[in-house]
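Colleague: One structure follows; several queries about it will come next.
Read-outs: derived from the displayed coordinates by stated rules, not from any lab. Given the structure is predicted, the values throughout are model-derived calculations rather than measurements. So basically every Cβ, Gly included, is an ideal-geometry build from the backbone, and we count neighbours across all protein chains shown.
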């Protein structure tokens, strides 16, 4: 005897053996291919069947176009009344295939005509939509169930435990020969109903009244039983499951709960939120859709009837929504459901965990999933009163927190051992998350849980007291750890809580002194951690409430210096605010006689002057400072002073003098400082190495220049300080620009763009644009390169950044000349030269003069061109810039060759081609040109 199957879904009955589809007993007219297609889909209900597989199974041994498949799918949907809304049977999974998603009940029919009897497998909950981003979890659960008989999916409310469990059931359906059962306990409140509910789901007669009878029924069955939403009956279900497992050897359980059962043999799988784009990622459509949280948002927004297609412009907004909702599937679905009524921009503009609590969900969802608030109500009401109080208090933390902080701030009125047990209990109940990625455990509440509990904390008038305790704790903590090595490990983690502490101190007029102390300690640390926006915010906030007796103090001096530096690197210098802060800090350092602090601030001020294009002024101040700072008797300070002098001398074109200062830096220091450079995070060592790599190039040592530039960039990257790394990329990386090495210039530009974007360093992103413009010009795309550089320079000037303006104008002049816009090119050269001579940026003058000479040559102004090339040679020689002197000489030699003045070329080039220890590619060109000139002269 063989067994056939009959499938029931909605009002339909499908009998594959009889080739018959009925609607309430009435045959449905359906073509042969469409019926075969339906059979394949129904037999694999809940699974995704690929298009190729469908074509192969429905049209075996035939070559059929995909259009035929779509045609029959449309016919099927029409026959089933599948309108895509209330009655859904078949869905299309983009780029994957089709899936039959309606609940299916399967019954067996003996081939000799016996009456139908229920299949061992009763109806499974259908997958209403595709399960996105959970394939690894489903696979892991299947593997776990092959090894363990009890597997628990544990996670916070709304995270998707039921969805993943349902998908795992469907994946394991065949392995258990259809003997798979789903039991929903969300509406069961009495422990007495546990056994009856499971028995009913298993198809056992309702007369089963005791545990032994149920065990006897299950003893010979190989079944998978999914128990969903167990946290409110956790103890009773744990005992029930243990007994079944003990007496029924082939039964396996898959549990979903917000708390671990703690049953014998239990394997716990902690379900994590859907992956979402971290800050700075997910900025394009393609990047964003790679994250399951974004994919879910887009799928649910489109399913809601709203015409929504993710664009590159929308991708950052959707990424932020998913990030702020912590990747919680329910929260993301609820947010997406608001798109049709409010639009994406309105939802993101008013997004907040508090607002998300009340967003309505599907009418057909279980009560606990109707809103996020209902989900949290469910969990919160299961807690004991003391656990509720602790969870409310923990909502005061703005980010993650340490166990010590949680105990000190939220458990001050509780025995510490009892308090630790309660925190552990909240972790076990998935209400407090644990981050074990660092050197010590960190804890956090999801944003929605935090918002929910904070509302309750405020309602009970506890909020201000706990916030005060938090502010005092973090004030004392920062005082304690400032000089410890681990401060930088924990600073980023504690920053949200430190920010909350500062805000509380500032808001309380009686605590302004503590606010200033906190900011004065934190700002230097924030600078070293590349937290420039935070630093400027803290410094400005503290200075705004500075008590009168703190005026002129060391605290004000540090705050002003930190404010100047953070505003400078953020590009907020248009109004002179950074300069004003630096001036005040320098004056206070001199007044207080704090020479080390003056050195730190002067360094920053010199950088500001260079960024403003005031090179001569910077050198004058550095020279005065050097005399003033001779009283500093430590090697670190001498290192810093020499580094500063080297930078200032180099940029005004005194290459040899600058090199001697940098070489002096490394004398007796083994090539590197042994302690951090300064509270302001200026890397004197890195800056000196950058200067030396440029010097190697300018003095004809390309191999050494490349090696040191690469080493310097790697060292700067290893420092972990964004500004230092960007400075190394620009300054050491300029060696590649000198060499016109397009591949390396492009690499530097891309990295500079990445770091600038990540740390809100807009001027450095504009510098990256200038570098990309250079590459375009070198590639022959002069118009595109010109426009790219023009826009970048305009933006840089808006930020008060003029440090590379002369370089940019020189490249723009070259591009204009390449486009035969010679008058415009010469005009730009005149503008650039005036800027160079006014600011003292003399090192950039020789390349500009060469560019001007080439433009003059192209319009036939031969005498002017010769003068420009000769001037470039003279200036470069005075500066000690051997390479620039060579290039200017080559330009003049080219001119002489074109004018048939070959006898004048040898005296120009011979000193260079005979120079020892040079590995410049221009030397090869010089030798070739010299040979050609010599041969031509002999022929003449």
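Colleague: Using DSSP, restrict attention to beta bridges with both residues in the chain and report what percent are antiparallel, rounded to the nearest 5.
Modeller: Here the antiparallel bridges make up roughly 55 percent for the chain.
Colleague: Radius of gyration and Dmax for the chain's Cα atoms, expressed in Å?
Modeller: My reading of the Cα-based Rg and Dmax gives 36.8, 121 Å.
Colleague: A further question follows. Pull out the extension gain between residue 428 and residue 239, defined as 0.36 nm times the separation in residues minus the alpha carbon to alpha carbon distance; nm, one decimal.
Modeller: Gain on stretching residue 428 to residue 239: 66.2 nm.
Colleague: Where does each of 332, 621 land when they are ranked from fewest to most other beta-carbon atoms within 10 angstrom?
Modeller: Ascending number of Cβ neighbours within 10 Å: 621, 332.
Colleague: Sorting 650, 23, 799 on the 10 Å Cβ count, fewest up front, what's the list?
Modeller: 23, 799, 650
Colleague: On to the next question. Helix 554-570 sits at what angle to the longest principal axis of the chain, using alpha carbons and giving 0 to 90 degrees rounded to 10?
Modeller: 80 degrees
Colleague: Give the value in nm², to one decimal: projected area of the alpha carbon convex hull of the range 816-940, averaged over all directions.
Modeller: If you wrap the Cα atoms of the range 816-940 in a convex hull and average its projections, you get 8.1 nm².
Colleague: With the crude spin-label approximation of a point 7 Å out along Cα→Cβ, what separation in nm comes out for residue 186 versus residue 795?
Modeller: 4.8 nm
Colleague: Still on this structure, please answer the following. Taking 0.36 nm per residue of sequence separation and subtracting the Cα-Cα distance, how much length would be gained by fully extending the chain between residue 758 and residue 213, in nm to one decimal?
Modeller: Answer, rounded to one decimal: 189.8 nm.
Colleague: Measure off 7 Å from each Cα along the Cα-to-Cβ vector at residue 707 and residue 415, then give the distance between these two points in nanometres to one decimal.
Modeller: If labels sit at residue 707 and residue 415, their model points lie 6.9 nm apart.
Colleague: The range 383-496: Rg/Rh from Cα coordinates, Kirkwood Rh?
Modeller: 0.95
Colleague: What distance in nm separates the two pseudo spin-label positions at residue 898 and residue 96, each 7 Å out from Cα along the beta-carbon direction?
Modeller: If labels sit at residue 898 and residue 96, their model points lie 6.5 nm apart.
Colleague: Could you line up 51, 262 from fewest to most neighbouring Cβ atoms inside 10 Å?
Modeller: Listing 51, 262 from fewest to most nearby Cβ atoms yields 262, 51.
Colleague: Expressed as cubic angstrom per residue, what is the convex hull volume of the alpha carbon set of the range 710-774?
Modeller: Hull volume over Cα atoms, normalised by residue count, gives 65 Å³.
Colleague: If you don't mind, there's one more thing I want to ask. How much FRET efficiency would the formula 1/(1 + (r/R0)^6) give for residue 26 and residue 71, where r is the Cβ-Cβ distance and R0 is 25 Å, rounded to 0.05?
Modeller: 0.50
Colleague: Using only the Cα atoms of the range 731-830, what are the Rg and Dmax in Å?
Modeller: My reading of the Cα-based Rg and Dmax gives 13.0, 41 Å.
Colleague: While we're on this one: Could you work out the helix-only [θ] at 222 nm for the chain, with each DSSP H run of four or more residues adding -39,500 (n - 2.57) and the total divided by the number of residues, to the nearest 500 deg cm²/dmol?
Modeller: Mean residue ellipticity at 222 nm (helix-derived): -19000 deg cm²/dmol.
Colleague: How big is the equivalent ellipsoid of the range 205-273 along its three axes, where each semi-axis is √(5λ) from the Cα gyration tensor, reported in whole Å from largest to smallest?
Modeller: Sorted largest first and rounded, they come to 23, 13, 11 Å.
Colleague: Can you report the principal axis dimensions of the range 752-803 using only the alpha carbons, biggest first, rounded to whole angstrom?
Modeller: 32, 21, 14
Colleague: Which value, in Å to one decimal place, does the Kirkwood hydrodynamic radius take for the range 1-104 when every pair of different Cα atoms is included?
Modeller: After inverting the mean inverse Cα-Cα distance, the result is 14.1 Å.
Colleague: What do you get for the angle between helix 615-628 and the principal long axis of the chain? Use alpha-carbon atoms, 0 to 90 degrees, nearest ten.
Modeller: Result, in degrees: 80.
Colleague: So if I restrict to the alpha-carbon atoms in the range 135-270, what is the Rg, and what is Dmax, the biggest pairwise distance, in Å?
Modeller: Expressed in Å, the Cα Rg and Dmax of the range 135-270 come to 13.7, 41.
Colleague: For the range 508-593, treating each Cα as an identical point scatterer without solvent, what Debye log10 I(q)/I(0) comes out at q = 0.18, 0.22, 0.23, 0.24 1/Å?
Modeller: Taking Cα atoms of the range 508-593 as identical point scatterers yields -0.70, -1.01, -1.08, -1.16.
Colleague: By how many nm would the segment from residue 464 to residue 628 grow when fully extended, if each residue of separation counts as 0.36 nm and the alpha-carbon distance is taken off?
Modeller: 54.0 nm
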